[in-house]
Amino acid sequence: MANVDVYNYQSRVGRLQKENVVHHYSYDLNAKHALSLTMPIRLETYSYEALHPFFQMNMPEGGLRLAIEKATAKHYGSNDLTVLALLGNNQIGSVRYALEDKALVDENEFDLSLEHLIKSDDVDLFSELLSRFALRSGVAGVQPKVLLDAKQINNNEVEPKATYPLDSYIVKSWGKEYPELACNEFVCLTMAKESGLTVSPFYLSENSRLLITKRFDINKTGKPIGFEDFCVLQGRSTKQKYDASLESCANTIRQFISPEYRKTALYDFFKLTVINVILRNGDAHLKNYGVLYDNLAGYKLGELPKAAVVFSPVFDIVSTTPYIKNDSMALSLTGSKRWPKWKVLVKFGKQHCLLSNKEITQVMEEIDRAKLSVLPIIKALSIKHQDFSYIADEMLDLLDVNIKDT
């Protein structure tokens, strides 16, 4: 496999290569933007036995990885550098990849609308999207998903196709082992949004087969911004995404979030933790938390980044116990992955998220209002989509529990 040139904001900043089992990344002498908060610009090469955590971040998993390998392995191979190069210009965040000394490929021919994605009753639509967009989808996660751009139609007005603004989305479906996962996640994201957490705009297709989320790593001008998940920030590989604690995540927030945004981030992280416990989200691992920043221009070893670093909008929230009855937490708390009692959460909020009793009370008031707001949504979805009904019943049972009584 040839070496891979690494680009940031469309300018080459360095080269990634593999020698035996060791991967090496070196910045160009004229590099102006750092790749990661954990990889400031320096003369020394960054060497890592496996692929560096930052480069692992967007590596496809599960069905998406299989779809890419099926399409490319015969002619190009299927190692990690091959996959990075093939995905090239289609990544979450601002970093892009190309084969050594080759230009970035800019592919941008689409004829999709958000309205079509939402209203289509084609049960095979996601399979078609996966076939078409697999090689454009540098996004992590086992759940089937693709990256694509779609034209936003405002207020359902009929306009000439060329006037539709183009937005970028992540489209997810579900496999047979997790039926109606799109409805499940739609409810969970709605609860997070109603509690006051920042959630990127999201939509459920009318046949419930697709969950469509607007990408939050693209700014209002259509330019990509920096994103890093907590696996990267903690220096862990993707395989280690469950090998950490909620306490370590709070430490990560205190270490990397800019001081002026740190208190809000810790408040939101505690709120998200409580929601995950209430909903029994056993898949809230390190890759499901992240940070955003405009860029890392001039970020060098021994210096602080000039750009503000903020907690990303929340994403990938699902209730897992309707599918996995005895599921546990993804990350430990006080050394255990058992679902914590309220007093343990309160102690975590005070000691690690630095919250007062008044702030913890406020968190619960916001969550309680959010719980009430999603109850009619769950009931309506269970009527409209019969296959969701038994999952809905289990989610309603979870929401009926007062966490303060545990």
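Across segment 232-268, the number of residues qualifying as assigned to a helix (DSSP H, G or I), more than 22 Å from GLY349 (Cα to Cα) and touching a residue at least 24 places away in the same chain (Cβ under 8 Å) comes to 3.
Of everything in segment 16-46 that's farther than 15 Å from ASP80 by Cβ and part of a strand (DSSP E or B), which residue is nearest to the chain's Cα centre (by Cα)? Among them, the one singled out is SER36. The number of residues in segment 174-229 being β-branched (Val, Ile, Thr) and either part of a strand (DSSP E or B) or in contact with a Pro (Cβ under 9 Å, 6 or more places away or on another chain) (or both) comes to 5. Just one of the listed residues (ASP316, ASP294) is charged (D, E, K, R), outside the structural domain of ALA192 (by TED's automatic domain parsing), in contact (Cβ under 8 Å) with a residue 24 or more places away in the chain and within 27 Å of ASP243 (Cα to Cα), and it is ASP316. Only a single criterion out of (1) buried (at least 21 other Cβ atoms within 10 Å of the Cβ); (2) part of a helix (DSSP H, G or I); (3) among the acidic types (Asp, Glu) is not satisfied by ASP316, namely (2).
The values are calculated or read from the model by the stated rules, or taken from the named source; none is laboratory data. Keep in mind the model is a prediction, meaning the values are calculated, not measured. Heads up, the Cβs are rebuilt from the backbone with ideal geometry, glycines too, and the neighbour counts pull from every protein chain shown.
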